[in-house]
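Before any comments, here is the structure.
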Amino acid sequence: MLDVALSFLADEFNAYLLRRTGSATLGQVVPGALLDDKSALAIPNGTVALSLVNIEEERVLSEQAPARVSVGGREMLLQPELKLNLTLLFAARMTDYPTTLKALSNVLTFFQSHPAFSAEDHPALDPRIGRIVMELYSVTPETLNQIWASLGAKYQPSVLYRARLVTIQDREPLLSGPPVTDIALDLHDK
């Protein structure tokens, strides 16, 4: 689901960029690693890399009880959904600094005008994800330095976002059986 969520966000941004600028080539968002296997910068020139830098479980809105679903006339018991908050790094690599700032401005403008995505409003969003809410994630310069240092890269102009409530649900049931259709009470056990 993580790959599906990041690809969806990149595709939505790239469609927005095409509508806004008439071209989806300069400043296109490309999901992927920031560094290659030799620790060299892997962001293609003229693009904005979208990279996952942290995953947190959303505990406040998490379910504790297993979910009951009916599939093909059988009732199944599934583990509760895992709701995640993803910290996403958008890093721009352009030929010059003004173009880099413009590319990051496009990212900021897009998520300012599209702060939430739901499967109902965006058919391309996998219905298992349900909803993604994007929040600008402000950090101190020291924290930003630590993020880039932990990634093993030199700083690139970038912006952090938190994608809230990406849902993961395994479809393999804990239990399966016929659905409960009625409840019979035995009054003789008193």
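The values are calculated or read from the model by the stated rules, or taken from the named source; none is laboratory data. What you see is a predicted model; the values in this text were computed from it and never measured. Every residue, glycine among them, receives a Cβ derived from its backbone with ideal geometry; neighbour counts consider all protein chains shown.
Below are the figures for this structure:
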item	result
Tally of residues being in contact with a Phe, Trp or Tyr (Cβ under 8 Å, 6 or more places away or on another chain), aromatic (Phe, Trp, Tyr) and surrounded by fewer than 13 Cβ atoms within 10 Å (Cβ to Cβ) across region 94-129	0
Residue in region 69-82 that is surrounded by 15 or more Cβ atoms within 10 Å (Cβ to Cβ), under 15 Å from the mean Cα position of the chain (by Cα) and at pLDDT 85 or above present	no
Only listed residue being modelled with pLDDT under 95, closer than 25 Å to residue 27 by Cα and assigned to a helix (DSSP H, G or I), chosen from 95, 99, 109	99
Residue in region 126-154 that is nearest to residue 12 (Cα to Cα), counting only those that are modelled with pLDDT of 90 or more and assigned to a loop (DSSP other than H, G, I, E, B)	137
Among (1) part of a helix (DSSP H, G or I); (2) over 13 Å from the mean Cα position of the chain (by Cα) - the single one residue 39 does not satisfy	(1)
Residue pairs meeting the criteria (Cβ under 9 Å; at least 6 apart or on separate chains; first at positive phi, in region 15-44; second charged (D, E, K, R) and at pLDDT 90 or above)	27/102
Number of positions in region 14-36 that are of a type in the set (A, V, I, L, M), assigned to a loop (DSSP other than H, G, I, E, B) and within 13 Å of residue 106 (Cβ to Cβ)	2
Among (1) at pLDDT below 90; (2) assigned to a loop (DSSP other than H, G, I, E, B), the one test that residue 176 misses	(2)
